[in-house]
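Below is one structure; the comments refer to it alone.
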Amino acid sequence: MNWIFTLVLLFAVAIGYASDLFTRYLRELDQKGFTLVENVWGPQDLEQFRQGLEQAKQRAFALIENTPPQQRIFFENEQRNESKYWRDGQTLVMQAGEGRFDFYLGFESAFFPTRQVNQPLLNRLMQELLGGEFTHNAGVVLASPGGKDQYWHRDTHTLSNRDTTGAQLVALDDFYFTVLIPITVPMTLENGTTELMVGSHRLPSLQFDSCPKERLCVPLGAALVFNGKINHRGRANLSTEERPVLYITYYKQWYNETYRVGIDHN
Ligand SMILES: O=C(O)CCC(=O)C(=O)O
């Protein structure tokens, strides 16, 4: 009888722990704008992602080699940014700072062939955050060794015709979350793990000076989840290895993720 009691007790403790963690993720996402979710991917998932990465790299670098780059000029947080991109039909690769590529459109099926992300915790988290009627895209940010600090940016459009401070954006319900997933090497201070302005998902850029900055190390198997409104950047990769991260962006169905400011969509 004793062992049944012990089992029930252990089960209850595990459920309580999981529910405390879930509450912490939601609280951190609300207050700081980001959270670290550990133990979401197992060795099989990581192996599948690595195979996807090889496929995605082949396609992306073939596109870069065979297509002339186009210039991308855009304003965000009242700053002018200049970059480039390569496009072929529905496939789009962007330069995301010096030594950093974003395999942005047309790469999801390399990682999720059925277009389903079978991760119950992430699905539950997104359901809670976005309240249903959401969808996702997946791509890769590849930071080369020697790559430089990225420009600060939010992951969403500012949803204004002229103002680039994000004042209107931050007044809206949350509608977009990014999940960054290291797949070959953990994200470390040395290889440039993402830097985030704490609380900037609730602020226009005029108030960014008040935000502390934070960087989290993300082990393999974990995910860094953040609000797409948060101001952030990848840091320089000072290691000798490339640092790819798979990303999944979850957003409300009314949002047009295929549009990116500064890109000719015609
Ligand atoms: O490379 C990183 O750590 C973050 C990259 C990123 O935020 C982006 O390109 O949107």
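The values are calculated or read from the model by the stated rules, or taken from the named source; none is laboratory data. All figures in this text were calculated on a predicted structure; none of them were measured in a lab. So basically every Cβ, Gly included, is an ideal-geometry build from the backbone, and we count neighbours across all protein chains shown.
Scanning the stretch 119-165 for residues that are within 15 Å of the ligand (Cβ to nearest atom) and charged (D, E, K, R) turns up LYS148, ASP149, ARG154, ASP155.
Results for (1) buried (at least 20 other Cβ atoms within 10 Å of the Cβ); (2) in a strand (DSSP E or B); (3) within 16 Å of the chain's Cα centre (by Cα); (4) in contact (Cβ under 8 Å) with a residue 40 or more places away in the chain, shown as yes or no for each residue.
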{"position": "PHE74", "(1), (2), (3), (4)": "no, yes, no, yes"}
{"position": "GLY97", "(1), (2), (3), (4)": "yes, no, yes, yes"}
{"position": "TYR104", "(1), (2), (3), (4)": "yes, yes, yes, yes"}
{"position": "MET126", "(1), (2), (3), (4)": "yes, no, yes, yes"}
{"position": "ALA138", "(1), (2), (3), (4)": "yes, yes, yes, yes"}
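Among the residues of the stretch 241-258, just one is within 13 Å of the ligand (Cβ to nearest atom), out of contact with any Phe, Trp or Tyr (no Cβ under 6 Å at 6 or more places or on another chain) and in a loop (DSSP other than H, G, I, E, B), namely GLU242. Within the stretch 222-233, can one find any residue that is among the β-branched types (Val, Ile, Thr), in a loop (DSSP other than H, G, I, E, B) and either surrounded by fewer than 23 Cβ atoms within 10 Å (Cβ to Cβ) or touching a Pro at 6+ places or on another chain (Cβ under 9 Å) (or both)? There is no residue in the stretch 222-233 that is among the β-branched types (Val, Ile, Thr), in a loop (DSSP other than H, G, I, E, B) and either surrounded by fewer than 23 Cβ atoms within 10 Å (Cβ to Cβ) or touching a Pro at 6+ places or on another chain (Cβ under 9 Å) (or both).
In the stretch 96-118, the qualifying residues are those that are under 21 Å from THR158 (Cβ atoms) and in contact with a strand residue (DSSP E or B) (Cβ under 6 Å, 6 or more places away or on another chain), and the one that is farthest from the ligand (Cβ to nearest atom) is LEU105.
When we screen GLY192, GLY199 for residues that are at pLDDT 95 or above and away from the ligand (no atom under 12 Å from the Cβ), the only hit is GLY199. Of all residues in the stretch 141-157, exactly one satisfies the criterion of being of a type in the set (Val, Ile, Thr) and part of a loop (DSSP other than H, G, I, E, B), namely THR156.
Taking the condition charged (D, E, K, R), part of a loop (DSSP other than H, G, I, E, B) and under 29 Å from ALA18 (Cβ atoms), does ARG115 pass? When the stated conditions are applied, ARG115 passes them. The single residue among THR258, THR240 that is surrounded by fewer than 22 Cβ atoms within 10 Å (Cβ to Cβ), over 23 Å from PHE107 (Cβ atoms) and touching a residue at least 40 places away in the same chain (Cβ under 8 Å) turns out to be THR240. Candidates are the residues of the stretch 166-189 that are within 16 Å of the ligand (Cβ to nearest atom) and part of a loop (DSSP other than H, G, I, E, B); the one that is surrounded by the most Cβ atoms within 10 Å (Cβ to Cβ) is GLY166. Checking each residue in the stretch 218-240 for being away from the ligand (no atom under 12 Å from the Cβ) and under 17 Å from the mean Cα position of the chain (by Cα) picks out PRO219, LEU220, GLY221, ALA222, ALA223, VAL225, ASN227, LYS229.
The residues of the stretch 46-63 include none that are closer than 30 Å to THR164 by Cβ and either surrounded by fewer than 14 Cβ atoms within 10 Å (Cβ to Cβ) or free of Cβ contacts under 8 Å to residues at least 12 places away in the same chain (or both).
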